Amino acid sequence: MTAFSLEPAQTAWCEELRTLGERQLRPLAEKGDPGHVNRPLIAALGEAGLLDRMLDSGALDLCLLRESLARGCTEAETALALQGLGSHPLVRSGTPALRARWLPEVRAGRAVAAFALSEPGAGSDAAALALKAEREAGADTGAGTGPDAAAGPDAEPDGRGWRLTGEKCWISNAPEADFYTVFARTAPGTGSRGITAFLVPADRPGLTGTALDMLSPHPIGALEFDGVPVTADDVLGVPDRGFRVAMETLNLFRPSVGAFAVGMARAALDAAVEHTAARTAFGGVLKDLQAVSHQVAEMATRTEAARLLVYAAAAAYDAGEPGVPGRAAMAKLYATETAQYVVDTAVQLHGARALRRGHLLEHLYREVRAPRIYEGASEVQRTIIAKELYASREASA
């Protein structure tokens with residue numbers, strides 16, 4: 001398999017996923033309450049084995065999952081992706097006890113996970129996190145024992161836990177998740193090196209949340225931490241090294257955000273081809289108008305270019321190649337910007353019918369805007385790409 005083509009078995013699997021999304025998952029999604037966690041839908045993802053596959057997959061498999069589900073049911077795709085985003089730090093850096101407690105529940109679709117990184121004053125700038133984790137006396141807090149654990153002064157037990165104080169905002173699945181991967185500042189004034197990742201169950205005292213009324217149909221909320229207690233048993237990885245946990249997660253999921261965008265673009269392109277091939281206007285079929293057919297050709301070309309960029313970034317991640325952050329940023333940037341263009345053009349070609357509530361394109365038009373912002377806005381991706389380019393130049397000079 002290359003980054004530019006799929007094996008027949010992979011293509012068949014993608015079609016199976018698309019069909020599953022359309023026929024079995026979309027009816028469950030339509031019964032859900034917009035802005036709230038759809039637990040029957042998540043349970044169905046677990047029953048179908050997709051959550052299991054997602055947690056055990058590499059970047060390419062994750063991209064295939066997200067793209068194919070997005071073509072058939074964007075709500076199912078988003079529910080799966082949010083489970084992965086919230087759980088990947090646990091898979092990669094959790095202690096054996098945390099994994100045993102939570103991962104079987106996530107795989108079965110019984111526990112809802114959330115990735116709590118963003119704050120009112122620290123969205124894409126993760127190094128500016130202000131949520132405080134202040135040391136307290138009296139708790140037994142041995143060192144983190146996940147795979148990232150390493151010998152060093154920050155990893156030594158000192159018999160104290162932490163209290164989390166502050167807020168998180170724009171957190172998907174909040175405030176309805178069962179646990180949160182929370183990134184907090186344990187060492188003031190140290191930038192990205194003073195952040196620790198914690199797994200915080202939703203029932204911890206002092207943790208409250210409110211739902212936010214957002215454009216996207218999936219749940220998004222804010223969290224308030226009023227002295228929420230955590231110990232070293234809750235640490236993911238090593239104290240003061242949580243920024244690495246966050247970046248490892250984002251480097252994996254950024255190309256797959258691009259895959260989600262490609263899936264939406266392909267759904268919009270399918271709809272545009274179908275509509276323009278059948279719709280008559282001005283004495284002929286729309287597809288016979290050069291102004292229309294050229295737009296459809298442009299939509300298809302940009303979508304295919306985005307797909308190839310996403311797969312190339314995913315293959316590079318799986319192969320452990322250098323430059324993954326830059327390639328992941330390119331994939332997310334180009335695919336999400338392309339999806340916005342393709343969906344918008346498809347709406348224009350359909351006319352007013354595409355703006356009716358319940359139309360596929362009306363739904364995609366609302367869905368497609370957010371991926372250009374979350375997990376690093378387009379401007380952040382351009383910054384990452386530029387830094388990688390100049391760093392490469394300096395290294396070779």
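If you go through the range 248-255 one residue at a time, do you hit one that is touching a Cys at 6+ places or on another chain (Cβ under 8 Å), outside any loop (DSSP other than H, G, I, E, B) and buried (at least 23 other Cβ atoms within 10 Å of the Cβ)? Yes, there is a match, as at least one residue in the range 248-255 is touching a Cys at 6+ places or on another chain (Cβ under 8 Å), outside any loop (DSSP other than H, G, I, E, B) and buried (at least 23 other Cβ atoms within 10 Å of the Cβ). Taking the range 214-247 as the range and being crowded, with 17+ Cβ neighbours inside 10 Å and of a type in the set (S, T, N, Q) as the test, only S216 passes.
Looking only at residues in the range 70-104 that are buried (at least 24 other Cβ atoms within 10 Å of the Cβ) and β-branched (V, I, T), the one that is farthest from D56 (Cα to Cα) is T74.
The residue of the range 16-60 that is farthest from E77 (Cα to Cα), among those that are surrounded by fewer than 20 Cβ atoms within 10 Å (Cβ to Cβ) and among the polar types (S, T, N, Q), is S57.
Taking the criterion of being farther than 20 Å from C73 by Cβ, surrounded by fewer than 17 Cβ atoms within 10 Å (Cβ to Cβ) and of a type in the set (K, R), the only residue of the range 338-373 that qualifies is R353.
Conditions (1) out of contact with any Leu (no Cβ under 9 Å at 6 or more places or on another chain); (2) of a type in the set (S, T, Y); (3) farther than 22 Å from L364 by Cβ, marked per residue:
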| site | (1), (2), (3) |
| --- | --- |
| F253 | no, no, no |
| G258 | no, no, no |
| R266 | yes, no, no |
| G284 | yes, no, yes |
| A291 | yes, no, yes |
| T301 | yes, yes, no |
| E304 | yes, no, no |
| A316 | yes, no, yes |
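Selection of first residues in the range 264-288 that are under 18 Å from T301 (Cα atoms) and of second residues that are acidic (D, E), restricted to Cβ pairs under 7 Å at least 6 apart or on distinct chains, gives the following pairs, ordered by first then second residue: M264/E367.
Which residues, taken from the range 299-320, are without any contact (Cβ under 8 Å) to a residue 40 or more places away in the chain and either closer than 17 Å to V343 by Cα or buried (at least 22 other Cβ atoms within 10 Å of the Cβ) (or both)? A300, T301, E304, A305 - these are the residues of the range 299-320 that are without any contact (Cβ under 8 Å) to a residue 40 or more places away in the chain and either closer than 17 Å to V343 by Cα or buried (at least 22 other Cβ atoms within 10 Å of the Cβ) (or both).
Just one of the numbered conditions (1) in a helix (DSSP H, G or I); (2) crowded, with 20+ Cβ neighbours inside 10 Å; (3) of a type outside the set (A, V, I, L, M, F, W, C) is not true of G376: (1). Of the residues D233, D270, the single one that is over 17 Å from S57 (Cβ atoms), outside any strand (DSSP E or B) and assigned by TED's automatic domain parsing to the domain that holds A202 is D233. The residues of the range 273-293 that are exposed (fewer than 12 other Cβ atoms within 10 Å of the Cβ), in a helix (DSSP H, G or I) and small (G, A, S), listed by number, are A278, A291.
The values are calculated or read from the model by the stated rules, or taken from the named source; none is laboratory data. It should be emphasised that the depicted structure is a prediction, and the values quoted were computed from it without experimental measurement. Using ideal geometry, Cβ is built from the backbone for each residue, glycine included, and neighbour counts are taken over all protein chains shown.
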